[in-house]
């Protein structure tokens, strides 16, 4: 590895549990932050699907001394690019701007998180938006199939889609959203990742001043429920059939993590990976095909996706499933491991050029591991992989617990 | 930051913006050719050729192309627009020689017939994928409606028919005419040395030959037509409005960019407050697109089918209002702050700099440092905005509405 590690990572945990983790990046003018709140759709009460998303839209519509327009104007004037959204585990607020505007931006977001107005009159516009987002999702089969796959593969609530359903969004009451804000937006379990042109002592003090008075809340209890089915088809009159499948993988915190990442990448993480080569390059079966890795704290999965015409969908599914079986059965080649390593290492170093990516990576590392991995550590772990160790992992993958979902005009013959 | 440029004997322009602070280096070939340069019988050939470029050379087959990029962790891709085809790679500085060896090699492809036949299927799948996306369908139709017979209205992807019927000989002819070195700019951004750049360019591209290519870039005039397309199974209605704007040759492109931000940035703009904040639409945005001797303001709308007519009325009222009253000083300042901060963020990655560098050089033979670009935005005044609005008045829009309702009319307030 070159000496890209001229960065410094620092961390502070405030008495209320809020974690600040920051990285000073030489050579950039920008600064970015990612605030993860333990308030994702997984923590929505029964029957309120979409509440976390709706709330993330509501909090910016007036906060502290500013009304809705003043909040957005103040952020625009500081040149802040920002997004507030709910995912399964977290509600996240991500923002980037020039380094000198970072703390003024954090001041505005402290109001947004701690002192949103939550005016009743904003609820119906937000509901209308949320319903339209659901309709737009129906018009986007490639995205829709992945949401539906997660819902079938992960036990509830871990595959719960953040947009909710038309029924739950139509029914959710303002008071439910206020309660969700009061109970789930809490400092214990929240992580603020900051990266870029920053002054650490000033940042640490400013965050303490802005968020120090935030009162901790209770951990919600979650009841897991089995989902499924493991084989399913959604009927839709589209040009292409969408094929999506998932099977379990090692989590980020697991000692087998790097082996799982290697297996996913070699299967479908880059242009000479197996799926792209076999499905697209050799057979011309589709335009888009990939495999990706995603993790929660206690479970992780490898997801595969392909979209293709009805008359070629069966072959595409068959080839994809056969490639997963070949990986499990025959393992990997030394050259594939080298390629996978080069790709991941380059991506890590290039991440050092984006304050936005780094702030997200810092927060995410802290969430999974309670610490931040250095480039040297990741690099060493990748170097320690051998074709035998990755092959051994691939052989142990839980491909029998595979979920397969298709969406399109006709169903396919699924493997047993 | 240091800028360098030279022209090889065969006419290939080579430019580089070097930045020692960067961790990576990006490089790309900017071929001045796209769907506007196609004759009707080879519709989609520029984009199809972009795919075929990755299918192999005398030294490498398609699998070797992908493998040789991936082996050094290089991120490569390509894109085809109405007027440019852009091939790029980003890698760690120590792997630039290997990465550039592949990127330059593939720009002189074999174009083998059996690869051509396999890739045809992939292109057809790509077309079908976009046919399942209402916004893509609306965008293609809106360009065709606005530009009419002007070549900017031609589809980038072509159609299932034009691609199915295409012969490999026609692609080879097109390649020979359009990929001559004098029609290409080679650009580098990030961490490397100018000596390295020059050596690589001479070694790998010095022998390229071909006659200079020409483009007849005639300024178009938008049709202002109105069209509805039924897609009964869609849930939302998707509408695109198109109006003429300043061409890329004009210094007014900075004014146009700020105007589009004021009107229709995804947050905090006039359209945002009028349509998205009240929940009338889940998307309402304006973007300014500049072309060789042409420019357009695109208005994008996504809403419930039953709200379409009212939303079109709101948009045209809003445009009529800004034409008569003009934007405010506060709006201009806010738009500048947004655009400036975004430019800085984007420029921090070599890949973010590369496309701006390459396209500037392709069309203007001019270098603009980030600071120059920021200054060009800073100089814009309210008078500039009002002048550009008078010259390019947004109305009447060419409108294409796509979705489950055809019960939509041209708004009356126009």
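Nothing in this text is a laboratory measurement; each read-out follows from the coordinates by a stated rule. No experiment lies behind these values; they were computed from the predicted model shown. Note that each Cβ is placed from the backbone with ideal geometry, even for glycine, and that neighbours are counted across all protein chains shown.
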message = Can you tell me what share of the DSSP beta bridges in the range A:231-408 is antiparallel? A percent to the nearest 5 is fine.
response = 80 percent
ask   = For the protein assembly as shown, what does -39500 (n - 2.57) per DSSP helix run (n ≥ 4), summed and divided by total residues, give at 222 nm, in deg cm²/dmol to the nearest 500?
value = -13000 deg cm²/dmol
request  = Starting with the fewest neighbours, write out A:259, A:400, A:326 ranked by other beta-carbon atoms found within 10 Å of each beta-carbon.
outcome  = A:400, A:326, A:259
task = Give the Cα extents of the range A:8-211 along the principal axes, in whole Å, largest first.
result = 48, 37, 33
Angstrom value of the Kirkwood radius, inverse mean 1/r, which spans all Cα pairs in the range A:1-91 = 16.1 Å
query = What do the square roots of 5 times the Cα gyration tensor eigenvalues come to for chain A, in whole Å, largest first, as semi-axes of the equivalent ellipsoid?
reply = 37, 29, 18
inquiry  = With a cut-off of 8 Å between alpha carbons and a minimum separation of six or more residues, what is the relative contact order of chain B in percent?
reply    = 21 percent
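When a/c is below 1.5 the answer is rounded, else prolate if a/b is larger than b/c, else oblate, so apply that to the protein assembly as shown with a ≥ b ≥ c taken from the square roots of the Cα gyration tensor eigenvalues. Write down the numbers at each step before the final one.
Values: a/c = 1.25, a/b = 1.07, b/c = 1.16.
Note, shape of the protein assembly as shown comes out rounded.
State, as an integer percentage, the relative contact order of the range B:275-414 based on alpha-carbon contacts under 8 Å between residues 6 or more apart.
Relative contact order, the range B:275-414: 28 percent.
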inquiry  = Report the Cα centroid-to-centroid distance between the range A:113-154 and the range A:206-232 in angstrom, as an integer.
reply    = 18 Å
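Which shape class, rounded, prolate or oblate, goes with chain B when its Cα gyration tensor gives a ≥ b ≥ c as root eigenvalues, a/c under 1.5 marks rounded, and past that a/b bigger than b/c marks prolate?
oblate
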request  = Mind pulling the angle between the C-alpha long axis of helix B:168-178 and the longest principal axis of chain B? Nearest 10 degrees, somewhere in 0 to 90.
outcome  = 90 degrees
ask   = Does the range B:192-273 come out rounded, prolate or oblate, given a ≥ b ≥ c as the square roots of the eigenvalues of its C-alpha gyration tensor, rounded meaning a/c under 1.5 and, failing that, prolate meaning a/b above b/c?
value = prolate
query = For B:17, B:82, A:401, what ranking results if the residue with the fewest other Cβ atoms within 10 Å of its Cβ goes first?
reply = A:401, B:82, B:17
Mean Cα-pair separation over length for the range A:8-211, i.e. relative contact order, pairs under 8 Å, 6 or more apart, % = 40 percent
query = In whole Å, how far is the Cα centre of the range B:243-262 from that of the range A:260-278?
reply = 43 Å
Rounded tilt (10° steps) of A:174-184 against the dominant C-alpha axis of chain A = 90 degrees
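Just the Kirkwood number for the range A:231-408, please: inverse of mean 1/r across all distinct Cα pairs, in Å, one decimal.
Hydrodynamic radius (Kirkwood, Cα only) of the range A:231-408 equals 17.1 Å.
Calculate how many DSSP beta bridges within the range A:8-211 are antiparallel, expressed in % of all such bridges and rounded to the nearest 5.
Here the share of antiparallel DSSP bridges comes out near 80 percent.
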message = With angles folded into 0 to 90 degrees, how steeply does helix A:355-369 sit against the dominant principal axis of chain A? Use alpha carbons for both and round to 10.
response = 80 degrees
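Which of A:223, A:21 has the fewest other C-beta atoms within 10 Å, and how do the rest follow up to the most?
Numbers: A:223 8, A:21 22.
Ascending Cβ contact count within 10 Å gives the list A:223, A:21.
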query = So, in Å, what gap is there between the alpha-carbon centers of the range A:311-364 and the range B:302-367?
reply = 35 Å
